[in-house]
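S.K.: Sending over a structure as structure tokens; questions will come in a sec.
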Amino acid sequence: MSERLGPVGDLSPDEAAAKTQAARKAAQTWRRASVAQRAAALRGVWKAVVARRAECVAVIHEETGKPPLEAELVEFGSAALLVDYFLANAERLLGERAVWTPWFFANKRAAVRRLPRGVVGIIAPWNMPFLIPFGDSFCAMLAGNAVLLKPSEWTTRTALWLESVVSATGLLPEGLLTVVPGRGGAGEAVIDASDLVMFTGSTATGRAVAARAGAQLKPAVLELGGKHPMIVCADAPLERAAAAAVWGGLSNNGQVCVGVERVFVEAEVHEAFTSLVRARVASLRVEPGPDAELGRFVLPPQIDKVQAQLEDARQKGALVSGGEILDRAGLRMAPAVVLNCSMDMAVMTEETFGPVIPIMKVSRAEDAVALANAGAEGLAASVWTRDADRADRLVAALEAGMVGINEPGTHYALGSLPFGGVKASGLWRRHGDEGLLALTQAQSIIEHEWPADAPDPWWFPRETWVAPLLRRLLGLP
Ligand code: NDP
């Protein structure tokens with residue numbers, strides 16, 4: 001078992017104020033850099049970060065128990081894909097763009113310029129301690145902002161590693177990426193010091209963050225919890241579906257917001273599917289070690305919360321295989337497959353965030369869609385079928401911000417896709433065109449071109465002959 005590190009303490013108010021000031025100053029310098037200059041500097045920063053990734057992977061492993069290979073492939077691999085996408089699209093998205101003008105104003109030029117917000121406050125969770133803080137910071141800085149990053153108290157060392165490596169490159173103004181360690185109070189200080197808040201975490205905290213930001217008229221992008229329903233039709237590619245349930249449900253010890261949280265399977269293939277899932281789970285390497293495939297819980301109370309969900313399911317008639325505590329002090333639990341599930345069980349309706357795959361038999365996938373839509377969350381969902389038309393219909397009916405067709409949820413790594421949820425799973429999106437643009441403000445420009453010295457016809461003085469002419473030109477019958 002790797003030794004678990006406790007939370008890092010809060011900053012003093014003076015220290016927090018100094019960090020905020022440094023970020024503001026850096027934002028003033030950085031906003032004057034062109035998109036090309038920002039992209040070039042950030043390319044250099046990424047090169048430095050990725051070259052030293054082994055150090056970061058070790059810190060992540062220490063802080064969270066995540067298997068090193070998983071930290072490298074998922075966190076750094078996804079970051080690499082995001083960096084590629086946003087660097088390739090920075091100019092298209094962030095450069096000044098000429099826009100349409102009506103012929104009535106054919107003598108004017110119209111354009112939209114993207115201005116940085118200023119200081120973006122990023123409040124991050126502990127489950128992807130590198131990927132979420134880095135990905136959000138990278139996009140915010142590319143968009144011309146400084147970043148105040150408040151990591152989870154449980155993964156602060158990973159964020160401090162990032163801050164020190166970025167700073168050591170000397171490629172960015174000092175303080176452009178500043179970590180504000182601490183607990184919830186530090187998060188509140190970051191909201192107060194920022195121009196836009198980018199929050200990833202639980203729905204409950206998200207509401208508090210939105211309320212605080214809203215009271216100051218600051219926008220808050222909220223990426224909150226989910227309860228991914230995986231819906232398996234009778235004609236699904238069953239081997240892939242079973243492998244996806246195991247990977248989607250158990251990777252990162254089940255602590256993934258878009259991870260598979262429950263599986264609905266059509267009756268015809270229920271038995272075949274569950275056998276495949278159980279066989280795959282049985283073959284996982286769960287013992288700690290260099291080739292371990294499962295990690296541990298990050299937060300101590302989480303192990304009991306998940307155990308309580310399993311007990312609730314057992315009492316209501318579910319068959320739980322696995323799920324025993326392997327090492328309480330080390331926060332390790334055997335992965336569990338829960339059969340015979342029904343919608344009165346917490347494991348089917350509340351976010352589990354643990355290594356559990358609950359499976360419920362349904363007669364038709366359409367019933368599963370209705371059951372899933374009845375929940376408060378709407379983050380990720382997936383449908384599994386070889387029938388493209390049925391997949392389209394199911395996807396269209398799902399209340400979810402992100403859906404996969406024979407795909408468990410790889411949306412985060414595709415920078416081209418907006419990432420986020422509907423209903424209680426969030427507001428706004430990160431990534432995609434809209435996610436990057438949300439980190440900026442539009443400045444709309446009209447430039448009068450000709451005749452240089454003449455007033456416009458609808459200005460004063462309004463001669464009597466002007467109104468009929470203008471009505472005709474403006475299309476007012
Ligand atoms: P929390 O909501 O507990 O915390 C998230 C962050 O907010 C932490 O840095 C936390 O600090 C901070 N915080 C706590 N209270 C406040 C406050 N009053 N004001 C400002 N900030 C505050 O979530 P977890 O860290 O436990 O993360 C797990 C949750 O995140 C799950 O629900 C998961 O589904 C969700 N998640 C969503 C994702 C998405 O993109 N939709 C992606 C990943 C996770 P501290 O921890 O130090 O108290």
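S.K.: Which members of the stretch 168-216 meet the condition of being on the phi > 0 side of the Ramachandran plot and more than 11 Å from the ligand (Cβ to nearest atom)?
M.R.: Those that are on the phi > 0 side of the Ramachandran plot and more than 11 Å from the ligand (Cβ to nearest atom): Gly170, Gly175.
S.K.: Now a separate question. Do you know which of the residues in the stretch 150-162 that are touching a strand residue (DSSP E or B) at 6+ places or on another chain (Cβ under 7 Å) and assigned to a helix (DSSP H, G or I) is farthest from the ligand (Cβ to nearest atom)?
M.R.: Of everything passing the filter in the stretch 150-162, Leu160 is farthest from the ligand (Cβ to nearest atom).
S.K.: Pick from Ala40, Ala33: which is part of a loop (DSSP other than H, G, I, E, B), among the hydrophobic types (A, V, I, L, M, F, W, C) and more than 18 Å from Thr155 (Cα to Cα)?
M.R.: Step by step, each of Ala40, Ala33 is checked, and only Ala33 is part of a loop (DSSP other than H, G, I, E, B), among the hydrophobic types (A, V, I, L, M, F, W, C) and more than 18 Å from Thr155 (Cα to Cα).
S.K.: A follow-up question, please. How about the stretch 338-350: which of its residues are surrounded by fewer than 24 Cβ atoms within 10 Å (Cβ to Cβ) and on the phi < 0 side of the Ramachandran plot?
M.R.: The answer is Leu339, Cys341, Ser342, Met343, Asp344, Met345, Ala346, Thr349, Glu350.
S.K.: Now for a separate question. Could you check the stretch 244-256 and list, in sequence order, the residues that are within 16 Å of the ligand (Cβ to nearest atom) and part of a helix (DSSP H, G or I)? Reasoning before the result, please.
M.R.: Let us first name the residues in the stretch 244-256 that are within 16 Å of the ligand (Cβ to nearest atom), namely 248-256.
Correct list: Gly248, Gly249, Leu250, Ser251, Asn252, Asn253, Gly254.
S.K.: Across the stretch 108-135, which residue is nearest to the ligand (Cβ to nearest atom) among those that are under 14 Å from Gly201 (Cβ atoms) and not in a loop (DSSP other than H, G, I, E, B)?
M.R.: Ile123
S.K.: How many residues are farther than 20 Å from Asn252 by Cβ and either surrounded by 23 or more Cβ atoms within 10 Å (Cβ to Cβ) or not small (Gly, Ala, Ser) (or both) when one looks only at the stretch 379-399?
M.R.: So the count comes out to 13.
S.K.: Could you list, in sequence order, the residues of the stretch 58-87 that are charged (D, E, K, R) and either out of contact with any Asp or Glu (no Cβ under 9 Å at 6 or more places or on another chain) or part of a loop (DSSP other than H, G, I, E, B) (or both)?
M.R.: Listed by number, the residues that qualify are Glu63, Lys66, Glu72, Glu75, Asp84.
S.K.: Sort through Gly206, Gly182 and tell me the only one that's closer than 18 Å to Asn127 by Cβ and touching a residue at least 40 places away in the same chain (Cβ under 8 Å).
M.R.: One residue alone meets the criteria, Gly206.
S.K.: Quick check, is Phe138 at pLDDT 95 or above and more than 12 Å from the ligand (Cβ to nearest atom)?
M.R.: So Phe138 passes the test.
S.K.: I've got another one for you. What is the residue count in the stretch 74-108 for residues that are more than 25 Å from the chain's Cα centre (by Cα), farther than 25 Å from Gln37 by Cβ and surrounded by 13 or more Cβ atoms within 10 Å (Cβ to Cβ)?
M.R.: Summing the residues that are more than 25 Å from the chain's Cα centre (by Cα), farther than 25 Å from Gln37 by Cβ and surrounded by 13 or more Cβ atoms within 10 Å (Cβ to Cβ) in the stretch 74-108 gives 5.
S.K.: Give the stretch 304-340 a look and list any residue that's out of contact with any Ser or Thr (no Cβ under 9 Å at 6 or more places or on another chain) and either closer than 13 Å to Gly249 by Cβ or part of a strand (DSSP E or B) (or both), or say none.
M.R.: Leu319, Val320, Ser321, Gly322, Gly323, Ile325, Leu326, Asp327, Arg332, Met333, Pro335, listed by residue number.
S.K.: Is it the case that Arg278 is crowded, with 17+ Cβ neighbours inside 10 Å, away from the ligand (no atom under 16 Å from the Cβ) and part of a helix (DSSP H, G or I)?
M.R.: yes
S.K.: So which of Phe138, Phe130, Phe134 is under 20 Å from the mean Cα position of the chain (by Cα) and surrounded by fewer than 24 Cβ atoms within 10 Å (Cβ to Cβ)?
M.R.: Step by step, each of Phe138, Phe130, Phe134 is checked, and only Phe138 is under 20 Å from the mean Cα position of the chain (by Cα) and surrounded by fewer than 24 Cβ atoms within 10 Å (Cβ to Cβ).
S.K.: Just to be sure, is Glu55 crowded, with 18+ Cβ neighbours inside 10 Å and in a helix (DSSP H, G or I)? Show your work before the answer.
M.R.: On the way: crowded, with 18+ Cβ neighbours inside 10 Å: no; in a helix (DSSP H, G or I): yes.
Spelling it out, it is not the case that Glu55 is crowded, with 18+ Cβ neighbours inside 10 Å and in a helix (DSSP H, G or I).
S.K.: Give the residue, chosen from Val232, Val147, Val165, that is more than 13 Å from the ligand (Cβ to nearest atom), in contact (Cβ under 8 Å) with a residue 40 or more places away in the chain and surrounded by fewer than 24 Cβ atoms within 10 Å (Cβ to Cβ). Walk me through it before giving the result.
M.R.: On the way: Val232 fails: surrounded by fewer than 24 Cβ atoms within 10 Å (Cβ to Cβ); Val147 fails: surrounded by fewer than 24 Cβ atoms within 10 Å (Cβ to Cβ).
None of the others qualify; the one that does is Val165.
S.K.: Is one or more of the residues making up the stretch 257-264 modelled with pLDDT of 95 or more, under 19 Å from the mean Cα position of the chain (by Cα) and either part of a helix (DSSP H, G or I) or more than 10 Å from the ligand (Cβ to nearest atom) (or both)?
M.R.: Within the stretch 257-264, one or more residues are modelled with pLDDT of 95 or more, under 19 Å from the mean Cα position of the chain (by Cα) and either part of a helix (DSSP H, G or I) or more than 10 Å from the ligand (Cβ to nearest atom) (or both).
S.K.: Could you pull out the residue among Ala27, Ala17 that is in a helix (DSSP H, G or I), at negative phi, in contact (Cβ under 8 Å) with a residue 40 or more places away in the chain and more than 23 Å from the chain's Cα centre (by Cα)?
M.R.: On inspection, the qualifying residue turns out to be Ala27.
S.K.: Also, quick follow-up: Can you list residue pairs whose Cβ atoms sit under 9 Å apart, with the first residue in the stretch 107-120 being within 15 Å of Gly95 (Cα to Cα) and the second being among the basic types (Lys, Arg) and not in a strand (DSSP E or B)? Count only pairs 6 or more apart in sequence or on different chains.
M.R.: Listed by first residue and then by second, the contacts come to Leu115/Arg31; Pro116/Arg31.
The values are calculated or read from the model by the stated rules, or taken from the named source; none is laboratory data. On a predicted model such as this, the values are computed, not experimentally measured, just so you know. Every residue, glycine as well, gets a Cβ built from its backbone with ideal geometry; the counts of neighbours run over all protein chains shown.
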